[in-house]
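One structure below.
The values are calculated or read from the model by the stated rules, or taken from the named source; none is laboratory data. Since the model is a prediction, treat every value here as computed from it, not as a measurement. Cβ placement follows ideal geometry from the backbone for every residue including glycine, while neighbour counts extend to all protein chains displayed. The accessibility values were calculated without ligands, DNA or RNA, using every heavy atom of the protein model including side chains. Shrake-Rupley method; radii C 1.70, N 1.55, O 1.52, S 1.80 Å.
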Amino acid sequence: MDTSLHIALCDSDPGDRKQMERLLSRESDKRVNTTGVFYIDTFGGVEAILNSPIHYDAYFLDSTDPLCDSYGIAKAIRDKGILSPIVYCISSIDYRQSGPMLSNCVFMNKPIKVADLSLVLEEIITQKRDNYIPTIEMRNQYETFYLEAKNVLYFVGNGYTVDVHMTDGTIRQATAFIDRLWRDLYNFPTFQIISPTTIVNMPYIAQMGLGHVIMRDSTRHSIKLGYAKDLKKEMKKYGPNAEKTT
C-alpha cells in the first residue's frame, strides 16, 4: 500500500520553515521506494493554511501569530472535523501550556532532531496505514472533499459539473466530467456507468427493469443502449437483486 503523505507546514519564521521543508524532503527521499513520498505545502500565515481546501495527512505547526498561534490553528483544524496528526514544533511558545490537550497531537522541540522527526513520521505513516479507507477525491471551486463509496448512491453529470447524490439524502456538487470520473472510479467496482450522464452504485439499486433502474431513494434512471450488458454482468457480483428484473 502506498502511504505517501500530504503534509501542511506552517511556520512564522522563514528560516525555520525552510529548514523543516528540507528535513521533510530528505525524509521523503528515504521512503521513495518503500512507503511513498511526501508532498509538502508550506504556509507562512494563519489565513492561508486555514483557507486551504485540502485535507492533509499531517500538520506541522509553529505559528507565533498573536491573533492565532499554533494552538489556535490546531483547534480550528479540529473544528473542521479533521483528525489528522498535528505536530507542534516548539520554539518561543510552549504549546503544551496553551490550552486543553487536543487529540492526536505530538510536541517536538526546536531545533528539530532528524532521529525524532523520523520516528514521528513513521508513526504518522503507520496511523494512516492502519486507518486507511479508500476514498473518492472530488473538488469544486470551494473545497476538496473525500467520499467513501458506501455513502454514494449515484452520480449525475451536468456538463462541467457532477451532482453527487448521497445516501443521507444530501447532494454535493463537484467540478468534473462524468466520463473522466468513470475512469477514476476503476478501484471502486460497485460503481457502474449506465448512460453518458449517470453512474450508479449497484448495491443501492432497488429494482432493475427494462431500460431503467430504480435506486433506493426511489429515483428512476434510464439505461442507455450499449450500457445494459455490462450492468447486468456486474450486477451479478455487486447488485443486491442481481437476478430480479421487472
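Gly81 meets the conditions (1) at pLDDT below 90; (2) under 23 Å from Leu147 (Cα atoms); (3) touching an Asp or Glu at 6+ places or on another chain (Cβ under 7 Å) in every case but one. The failed one is (3). Within the range 22-43, being among the small types (Gly, Ala, Ser) and surrounded by fewer than 15 Cβ atoms within 10 Å (Cβ to Cβ) holds for one residue alone: Ser25. The sole residue among Thr170, Thr198 that is touching a residue at least 24 places away in the same chain (Cβ under 8 Å), among the hydroxyl-bearing types (Ser, Thr, Tyr), out of contact with any Pro (no Cβ under 8 Å at 6 or more places or on another chain) and farther than 14 Å from Gly239 by Cα is Thr198. Taken together, the criteria exclude Asp16 from residues that are touching a strand residue (DSSP E or B) at 6+ places or on another chain (Cβ under 6 Å), over 21 Å from Thr126 (Cβ atoms) and surrounded by 15 or more Cβ atoms within 10 Å (Cβ to Cβ). Filtering the range 112-127 to residues that are open to solvent by 50 Å² or more (accessible area, probe 1.4 Å) and either touching a residue at least 24 places away in the same chain (Cβ under 8 Å) or touching a Cys at 6+ places or on another chain (Cβ under 7 Å) (or both) leaves Val114, Glu123.
Of the residues examined, Arg78 is not one that is surrounded by 14 or more Cβ atoms within 10 Å (Cβ to Cβ), over 14 Å from Cys105 (Cβ atoms) and among the basic types (Lys, Arg). Of the strands (runs of 3 or more DSSP E) contained entirely in the range 136-244, those carrying at least 1 residues that are surrounded by fewer than 13 Cβ atoms within 10 Å (Cβ to Cβ) fall at 136-139, 144-147, 152-158, 171-175, 205-209, 220-222. Tell me which residues, restricted to the range 1-38, are assigned to a helix (DSSP H, G or I), under 20 Å from Cys89 (Cβ atoms) and of a type in the set (Asp, Glu). Residues satisfying the conditions are Asp16, Glu21, Glu27. Considering the range 48-69, the residues that are among the hydroxyl-bearing types (Ser, Thr, Tyr) and at pLDDT below 95 include one that is farthest from His6 (Cα to Cα), namely Thr64.
If I ask for residues that are aromatic (Phe, Trp, Tyr) and either within 15 Å of Pro111 (Cα to Cα) or modelled with pLDDT of 95 or more (or both), which ones from the range 84-98 would you list? Matches in the range 84-98: Tyr88 only. If only residues of the range 87-101 that are out of contact with any strand residue (DSSP E or B) (no Cβ under 7 Å at 6 or more places or on another chain) and surrounded by 14 or more Cβ atoms within 10 Å (Cβ to Cβ) are counted, the one that is nearest to Thr64 (Cα to Cα) is Ile93.
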